[in-house]
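All remarks here apply to the structure that follows.
The values are calculated or read from the model by the stated rules, or taken from the named source; none is laboratory data. Since we're looking at a predicted model, the values are computed, not measured. Here the Cβ positions follow ideal geometry from the backbone for every residue, glycine too, while neighbour counts run over all protein chains shown.
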Amino acid sequence: MATQTATQKNPSFVLKEAGKVIYEDRPVPELPSPYDVIVKPRWTGICGSDVHYWVEGRIGHFIVEKPMVLGHESAGIVHAVGDKVKTLKVGDRVAMEPGVPCRRCLRCKDGKYNLCPDMAFAATPPYDGTLARYYTLPEDYCYQLPEHMSLEEGALIEPTAVAVHITKQAGIRPSDTVVVFGAGPVGLLCCAVAKAYGATKIVTVDINEERLKFALDYAATTSFRTARVSAEENAKNMIKECGLGSGADVIIDATGAEPCIQTAIHALRLGGTYVQGGMGKPDITFPIMAMCTKELNLKGSFRYGSGDYQTAVDLVATGRISVKQLISGKVKFDEAEKAFGDVKQGKGIKILIEGPEE
């Protein structure tokens with residue numbers, strides 16, 4: 001039986017408005033410049049931000065004001081190359097970095113292109129995403145996959161690069177003790193990257209027992225389930241139960257939840273480092289006195305920067321981390337909306353959507 005997208009030249013999974021998605025035949029793209037390539041995305045992971053746009057139609061000041069193709073965690077096959085492209089050819093398998101900066105602003109020039117104010121990021125209004133048959137990118141934002149790495153693994157490079165950037169912000173070193181709040185995909189990958197970088201004790205924190213068990217099987221060395229008590233008491237209990245001595249060297253929050261952030265500040269050692277990776281409420285009550293008196297290092301983390309994507313590819317390619325275990329389901333392109341619903345309900349770890357049938 002023919003699928004609903006079978007006759008479309010460039011079938012695309014489009015968010016029309018909050019709560020409403022359709023399959024639409026978009027124009028087949030042409031190469032914007034001789035340095036660009038056209039990729040056929042073959043596998044795409046579903047990110048929490050994609051689901052948030054689907055449900056709410058906005059994230060902060062990014063508002064869906066016109067129909068937008070969803071998806072940004074993709075890997076695919078090069079379909080066409082510009083005549084100035086030197087490192088890729090038709091048929092190459094690539095991980096696709098979905099954010100292209102202006103390359104000219106001060107933030108781009110000082111090596112922090114993820115902070116470019118004119119970033120064109122897939123599936124962030126007003127830019128279309130990768131859940132389509134064709135997608136264009138500059139040559140240098142496509143990372144060739146080694147032969148032994150699958151395209152499914154390639155789709156997991158995007159969240160892995162997020163974790164690489166978070167751990168880079170944290171400055172994790174061998175023998176560090178690291179606590180990661182949240183055992184979702186990014187939190188799990190932060191545990192894996194921290195382990196690859198030599199952290200000796202990695203504590204996973206969540207309220208979901210199944211996810212804690214998964215994290216322990218995956219990369220964490222111990223777990224802690226937060227209780228409905230004060231942040232100070234949760235921190236005290238964590239330090240004692242997990243053998244953190246005077247506190248953790250590094251704590252990463254991948255939840256954005258206010259109680260987790262508060263507990264983290266109290267659970268750090270003097271002079272420890274805290275990195276905020278999860279998105280939450282715009283404003284929270286924050287234990288600023290503990291931050292000051294402990295002289296903590298606090299950093300934000302946003303997407304990924306120079307070298308992070310290639311590092312993610314290398315970590316997976318060399319087996320220093322594995323992403324296969326995170327794939328809890330795969331669906332056909334025409335089942336994308338159901339997959340989004342499953343992610344919204346918290347089913348599995350990472351669900352992948354296959355590219356449109358040829």
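For the stretch 128-142, how many residues meet the condition of being among the aromatic types (Phe, Trp, Tyr), more than 15 Å from Gly355 (Cβ to Cβ) and crowded, with 22+ Cβ neighbours inside 10 Å?
First, the residues of the stretch 128-142 that are among the aromatic types (Phe, Trp, Tyr): 134-135, 141.
Pick out the ones that are also more than 15 Å from Gly355 (Cβ to Cβ) and you get 141.
Now narrow it down to the ones that are crowded, with 22+ Cβ neighbours inside 10 Å: none.
Qualifying residue count for the region: 0.
For every residue, the table says whether it meets (1) in a loop (DSSP other than H, G, I, E, B); (2) farther than 30 Å from Thr7 by Cα.
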position	(1), (2)
Ile251	no, yes
Thr273	no, yes
Gly278	yes, yes
Thr311	no, yes
Glu337	no, no
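Considering only the stretch 311-326, I want to know if a residue exists there that is of a type in the set (Asp, Glu) and either over 19 Å from Cys191 (Cα atoms) or in the same structural domain as Glu139 (by TED's automatic domain parsing) (or both).
The answer is no, given that none of the residues of the stretch 311-326 is of a type in the set (Asp, Glu) and either over 19 Å from Cys191 (Cα atoms) or in the same structural domain as Glu139 (by TED's automatic domain parsing) (or both).
Within the stretch 45-80, can you find the residues that are farther than 11 Å from Leu15 by Cα, buried (at least 23 other Cβ atoms within 10 Å of the Cβ) and among the small types (Gly, Ala, Ser)?
Within the stretch 45-80, Gly45, Ser74, Ala75, Gly76 qualify.
Kindly indicate which of Thr221, Thr226 is touching a Lys or Arg at 6+ places or on another chain (Cβ under 6 Å), free of Cβ contacts under 8 Å to residues at least 40 places away in the same chain, within 30 Å of Gln325 (Cα to Cα) and assigned by TED's automatic domain parsing to the domain that holds Lys201. Write out each step before concluding.
Numbers: Thr226 fails: touching a Lys or Arg at 6+ places or on another chain (Cβ under 6 Å).
Exactly one residue qualifies, and that residue is Thr221.
Which residue, of Asp50, Asp83, is assigned to a helix (DSSP H, G or I) and of a type in the set (D, E, K, R)? Steps first, please.
Details: Asp83 fails: assigned to a helix (DSSP H, G or I).
Step by step, each of Asp50, Asp83 is checked, and only Asp50 is assigned to a helix (DSSP H, G or I) and of a type in the set (D, E, K, R).
So in the stretch 12-22, with the set limited to residues that are in a strand (DSSP E or B) and in contact with a helix residue (DSSP H, G or I) (Cβ under 7 Å, 6 or more places away or on another chain), which one is surrounded by the fewest Cβ atoms within 10 Å (Cβ to Cβ)?
In the first step, residues of the stretch 12-22 are kept if they are in a strand (DSSP E or B); the result is 12-17, 20-22.
Restricting the remaining residues to those that are in contact with a helix residue (DSSP H, G or I) (Cβ under 7 Å, 6 or more places away or on another chain) gives 13, 15, 21.
Numbers: Phe13: 27, Leu15: 25, Val21: 17.
This residue is Val21.
Any residue that is in a loop (DSSP other than H, G, I, E, B) and under 30 Å from Phe121 (Cβ atoms) - is there at least one of those in the stretch 183-194?
Here is the first cut: in the stretch 183-194, the residues in a loop (DSSP other than H, G, I, E, B) are 183-184.
Then drop every residue that is not under 30 Å from Phe121 (Cβ atoms), which leaves 183-184.
Taking every residue of the stretch 183-194 in turn, at least one turns out to be in a loop (DSSP other than H, G, I, E, B) and under 30 Å from Phe121 (Cβ atoms).
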